[in-house]
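Participant: Quick one: this structure, given as structure tokens, is what I'll be asking you about.
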Amino acid sequence: MSKEIKEIAAGLKAFLQNAQEEDLILKAALAQDKAAFTSDVKNSGITENHSPLKMQNRDIHPLPKENSPLDGKTSDSKTKEIAYIAQMINGCQKCELGKTRIKAVPGEGNVNAKIMFVGEGPGYEEDRQGRPFVGRAGQLLDKIIAAMGFTREEVFIANIVKCHPMVDPSNPDKRSNDRAPYPDEIAVCRRYLEQQIKTISPDYVVALGGVAAKTLISQNQTFGAVRGKIFDLNLTCVELDKPVKILATFHPAALLRNPGWKKEAWENLKVLLADMGKMPKAK
Ligand code: SF4
């Protein structure tokens, strides 16, 4: 067995080893969360007939052209570009989420990353820290990244929307107040993520969950239909400088609610690892 495969196997073991324990801890929480989770998905408005992509061409606010380091081939380093986008996000008030957030969460990681992970939006902890995936779902994402043979420092992590979508925005200190972003929020915010993808220019994007998959892969197909398959990434607001591939799998928060889905998630990610040449392709 090669060193790389051994490392991936060790990471996979770490990723899966707590599944049984989490099963027990989360069993009770699952029953409680299930109704809220179902309600969040229902409230998100992400349906076949009401897709964020149907709203993508209106209310998209371009990044300013004047004095922008993002213009043309003579732009500064990727680091400067990503910092500039973060600065724009931190000052953004282009949708209602900007009015109730504590901190915007632009995203973080390696500007030369070969792989980007994209979730749907910041939650309670992320809103307070201004960093993506720092709660329990973030800890699980770290295990997933390690299982794939990477470190968090080697990848870039971001979300579709950059501010915390809340069921009750008048009460940001309330726990379990998260919801999926609405289509108009996605439509107005997606340009930031798209510019981050263009700047970083990864080889692969992993869409975590149905909102990211609907936004970045297809509004016309169900999450189940696209999950675990590789697509060419086509962006709406910016033109990529090179082809980028995208694969969708479960959001880590969904895996916490449904630990039994972890094996399926790993099967999805094996497809990507095989495409990267880090694992043999399935026959
Ligand atoms: S969610 Fe996006 S568009 Fe809305 S205020 Fe935050 S950064 Fe701006």
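Each value in this text was obtained by applying a stated rule to the coordinates, not by laboratory testing. Owing to the predicted nature of the structure, the values given are computational and were not obtained by experimental measurement. Ideal geometry is used to build each Cβ from the backbone, glycine not excepted, and the neighbour counts take in all protein chains shown.
Participant: Given the peptides 267-275, 139-147, 192-200, arrange them by the average over their residues of other C-beta atoms within 10 Å, most packed first. Kindly include the intermediate steps, with their values, before the conclusion.
Facilitator: On the way: 267-275: 18.1, 139-147: 20.8, 192-200: 23.1.
Final packing ranking: 192-200, 139-147, 267-275.
Participant: Next question, about the same structure. Work out, in µm²/s and without decimals, the Stokes-Einstein translational diffusion coefficient of the range 147-202 at 20 °C, 1.002 mPa s, Rh from Kirkwood over C-alpha pairs.
Facilitator: Approximately 159 µm²/s, per Stokes-Einstein.
Participant: Show me 203-214, 171-182, 124-135 ranked by packing, highest mean number of other Cβ atoms within 10 Å first. Intermediate values should be presented prior to the final figure.
Facilitator: Working: 203-214: 25.0, 171-182: 16.9, 124-135: 20.2.
Ranking the peptides 203-214, 171-182, 124-135 by packing returns 203-214, 124-135, 171-182.
Participant: Quote the Stokes-Einstein diffusion coefficient, in whole µm² s⁻¹, for the range 114-215, based on the Kirkwood radius over alpha carbon pairs, a temperature of 10 °C and a viscosity of 1.306 mPa s. Intermediate values should be presented prior to the final figure.
Facilitator: On the way: Rh = 14.1 Å.
For these conditions, the coefficient is 112 µm²/s.
Participant: Shifting gears a bit: Starting at 0 and stepping by 5 Å, how many percent of the alpha carbon pairs of the range 170-279 end up in each bin?
Facilitator: Spelled out bin by bin, the range 170-279 gives 2, 11, 19, 21, 20, 14, 8, 3, 1, 0 percent.
Participant: For the pair residue 125/residue 103, report the inter-label distance in nm, with labels modelled 7 Å from Cα in the Cβ direction.
Facilitator: 1.3
Participant: In nm, to one decimal, how far is the residue 153 label point from the residue 112 one, both placed 7 Å along Cα→Cβ?
Facilitator: 1.4
Participant: Go ahead and run the numbers for FRET between residue 175 and residue 261, Cβ-Cβ distance against an R0 of 30 Å, rounding to 0.05. Before the final figure, lay out each step's value.
Facilitator: Numbers: r = 23 Å, r/R0 = 0.78.
That pair, residue 175 with residue 261, gives E of 0.80.
Participant: Multiply the residue separation of residue 87 and residue 234 by 0.36 nm, subtract the distance between their alpha-carbon atoms, and state the gained length in nm to one decimal.
Facilitator: Numbers: separation 147, 0.36 × 147 = 52.92 nm, distance 2.53 nm.
So the chain would gain 50.4 nm between residue 87 and residue 234.
Participant: Roughly speaking, what is the centre-to-centre gap between the range 156-195 and the range 210-283 when only Cα atoms are used, to the nearest Å?
Facilitator: 20
Participant: Something else now. Just grab the label-to-label distance for residue 80 and residue 201, each label 7 Å out from Cα along the Cβ direction, in nm (one decimal).
Facilitator: A separation of 1.6 nm, rounded to one decimal place.
Participant: Multiply the residue gap between residue 275 and residue 139 by 0.36 nm, knock off their C-alpha separation, and tell me the result in nm, one decimal place. Could the numbers behind the result be given before it?
Facilitator: Details: separation 136, 0.36 × 136 = 48.96 nm, distance 2.55 nm.
Additional length available on full extension: 46.4 nm.
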